[in-house]
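Everything below concerns the one structure shown next.
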Amino acid sequence: LVWSVQPGFDPRLITDNRTAHAGYVMGSFSSDMTGLIPGRTYYVRAYAANTAGHTSYGHEISFSMPALPVIETKQGTDITNTSARTGVIIIGDGGARISSAGVVWSTYPGFDPQSASTRSPGGNSSEGYVCTINGLLPSTVYYVRGYAENLAGVAYAPNEVIIKTDAAGRATITTKEPEAATGTTARSGGVILDAGGVPVGTRGVVWSTMDNFDPARVPETNRTRQSGSAIGAFSSTITGLENGTTYYVRAYVENAIGTAYGGQKAINTQKLALVETLEIRSNFGTTAIAKGKVTDDGRASLLGYGVVWSTSSGPHVGLSTKTSQSGGTIGEFSATLTGLNPVTTYYARAYVIN
């Protein structure tokens with residue numbers, strides 16, 4: 001093949017824009033034309049030469065190379081402290097399908113878009129190619145240029161859009177409802193809704209027995225701490241609480257700007273159940289009948305009850321002989337004490353476990 005950008009060219013005068021294939025082949029053949037310029041129209045003629053030194057040329061045909069796309073960078077919208085929405089407006093596709101489009105950006109004006117390492121592809125929509133840039137820094141100026149690619153190559157928009165991200169702030173967090181309270185422990189936590197534009201670090205919960213307490217003044221002993229940068233829910237176990245006490249809990253999270261606190265939640269720890277020893281009557285020297293009464297379950301399920309006795313004052317479950325029944329409810333109960341020695345003084349107490 002031999003070609004030129006001029007119609008009606010004399011193929012005998014073309015020396016550079018020419019392909020050559022050696023050998024004798026009857027039939028069709030093809031050649032790759034290289035070094036063509038996007039957007040140009042080319043005129044081509046085939047040729048064949050024989051060993052007698054005669055060269056014949058085919059008739060002239062023409063074709064146009066696709067041009068680079070003509071595009072414009074969209075202005076930035078929906079700007080936050082870490083992201084912005086922008087994209088590419090396709091003015092002309094250059095005569096070929098757009099295979100990809102998006103934006104590149106830098107913190108330097110007039111940057112070379114071909115060497116930019118920060119690149120975000122866009123999705124095609126009625127507004128052109130739209131994309132969201134994430135991972136930006138707060139209070140920072142960015143320079144953005146669109147790009148689009150077709151068969152001719154990659155074109156970069158001539159206009160550079162300036163985007164300034166919002167300032168960073170404190171993170172946003174809510175306090176989870178406390179749960180799984182026992183007599184001395186509880187479980188709470190929080191949900192980090194927004195990092196505030198900078199990485200979050202320590203999170204946890206603070207607590208106090210004072211309603212509407214100031215979380216910044218809570219001692220370190222009333223604070224859990226755990227590290228992590230993830231947005232979302234977390235949980236903390238609170239220990240060292242007192243039985244039957246109302247506590248107020250607030251979640252917190254720290255970032256480079258400061259500490260943010262969630263709203264206050266209340267939790268009541270479980271307390272010991274209450275029981276009274278009503279009476280004990282001796283029976284035939286070796287047994288006795290005892291009565292007790294559970295007056296409060298301590299806001300927890302009753303696990304067992306009975307009577308404990310000893311020949312020493314102050315009998316308790318760990319060291320003394322006892323009767324034992326599982327479960328229990330608020331109200332009176334009775335128990336039979338056996339194996340007693342005649343003419344002996346015993347000390348007995350009702351007990352209950354929750």
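The values are calculated or read from the model by the stated rules, or taken from the named source; none is laboratory data. Given the structure is predicted, the values throughout are model-derived calculations rather than measurements. Methodologically, a virtual Cβ is constructed for each residue, glycine included, from the backbone with ideal geometry; neighbour enumeration extends over all protein chains shown. The protein model used for the area step is the full one, side chains on, heavy atoms only, and it has no ligands, DNA or RNA in it. Shrake-Rupley method; radii C 1.70, N 1.55, O 1.52, S 1.80 Å.
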- Item | GNM flexibility winner over the chain from Asn17, Asn268, Asn159 (Cα, springs under 10 Å) | Asn17
- Item | Cross-link partners of Lys291 among lysines (Cα-Cα below 27 Å; sequence separation of 8 or more within a chain) | Lys271, Lys322
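What does the accessible area per residue of region 221-341 come to in Å², with a 1.4 Å probe and no ligands, DNA or RNA counted?
Each residue of region 221-341 exposes 54 Å² on average to a 1.4 Å probe.
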- Using modelled backbone amide H atoms (1.01 Å from N, in-plane), which distant-in-sequence or interchain residues come within less than 5 Å of Asp93's amide H? Val70
- Item | For region 178-185, Karplus couplings with θ = phi - 60° (6.51, -1.76, 1.60), whole Hz, Gly/Pro x | x, 8, 6, 6, 10, x, 10, 9
- Taking R0 as 56 Å and r as the Cβ-Cβ distance between Leu272 and Ser100, the FRET efficiency 1/(1 + (r/R0)^6), rounded to the nearest 0.05, comes to 0.20
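Compute the normalised compactness of region 244-354: alpha-carbon radius of gyration over 2.2 N^0.38 Å, N being the residue count. Could the numbers behind the result be given before it?
Working: Rg = 21.7 Å, N = 111, 2.2 N^0.38 = 13.2 Å.
Rounded to two decimals, the normalised Rg is 1.64.
Full-extension gain between Glu279 and His316, please, as 0.36 nm times their residue separation minus the C-alpha to C-alpha distance. Kindly include the intermediate steps, with their values, before the conclusion.
Values: separation 37, 0.36 × 37 = 13.32 nm, distance 1.72 nm.
That works out to 11.6 nm of additional length.
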- Over all distinct alpha-carbon pairs, what is the Kirkwood Rh of region 106-145 in angstrom? 11.7
- Can you tell which of Gly153, Gly169, Gly122 shows the greatest fluctuation in a Gaussian network model of the chain with Cα springs below 10 Å? Gly153
- Query: What Rg and what Dmax come out for region 6-150 when only alpha-carbon atoms are used, in angstroms?
  - Reply: 23.6, 77
- Comparing Tyr147, Tyr47, Tyr108 in a Gaussian network model of the chain (Cα, 10 Å), the one with the largest mean-square fluctuation is Tyr47
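How much accessible area per residue does region 28-68 have, in Å², with a 1.4 Å probe?
On the way: 2880 Å² over 41 residues.
It amounts to 70 Å² per residue over region 28-68.
Using a 1.4 Å probe over the heavy atoms of the protein chains, calculate the carbon and sulfur portion of the accessible area of region 1-48 as a whole percent. Each step should come with its number before you reach the end.
Numbers: 1800 of 3450 Å².
C and S atoms contribute 52 percent here.
Measure off, as a whole percent, the carbon and sulfur share of the 1.4 Å-probe accessible area of region 203-354, all protein chains present. It would help to have the intermediate numbers written out before the result.
Numbers: 3950 of 8440 Å².
Roughly 47 percent of what the probe reaches on region 203-354 is carbon or sulfur.
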- Note on the structure: Candidates for mean projected area of the Cα convex hull in nm² are [x] 36.0; [y] 19.5; [z] 24.9, and the calculated one carries label [x]
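Go through region 114-196 and name the GluC sites (Glu not before Pro) that are in a DSSP coil and have 12 or fewer other Cβ atoms within 10 Å of their Cβ. Walk me through the numbers before you get to the answer.
Working: sites: Glu127, Glu149, Glu160, Glu179; in loops: Glu127, Glu160.
Those satisfying the criteria are Glu127.
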- Item | In Hz, Karplus ³J(HN,Hα) per residue of region 42-59 (6.51, -1.76, 1.60; θ = phi - 60°; x = Gly, Pro) | 10, 10, 10, 9, 7, 8, 8, 10, 10, 6, 7, x, 9, 10, 10, 10, x, 6
- Message: Test of understanding: what is the full-extension gain from Lys293 to Ile330, defined as 0.36 nm times their sequence separation minus their Cα-Cα distance?
- Response: 12.6 nm
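Kindly provide the chymotrypsin sites (Phe, Trp or Tyr not before Pro) of region 245-320 that DSSP labels as loop, not H, G, I, E or B, and whose Cβ sees at most 13 other Cβ atoms within 10 Å.
Details: sites: Tyr247, Tyr248, Tyr252, Tyr261, Phe284, Tyr305, Trp309; in loops: Phe284.
Those that pass, being in a loop and sparsely packed, are Phe284.
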- In region 1-94, trypsin sites (Lys or Arg not before Pro) in a DSSP loop with at most 15 other beta-carbon atoms within 10 Å: Arg40
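From the gyration tensor of the Cα coordinates in region 237-305, what semi-axes in whole Å does the equivalent ellipsoid have, largest first, with each one equal to sqrt(5λ)?
Taking √(5λ) for each Cα gyration eigenvalue gives 49, 10, 7 Å.
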- Message: Suppose the chain between His54 and Gln6 were pulled fully straight at 0.36 nm per residue; how much longer would it get relative to their current alpha carbon spacing?
- Response: 14.9 nm
- Task: Note down the net charge around Phe111, summing +1 for each Lys or Arg and -1 for each Asp or Glu among other residues with Cβ under 15 Å from its Cβ.
- Result: 0
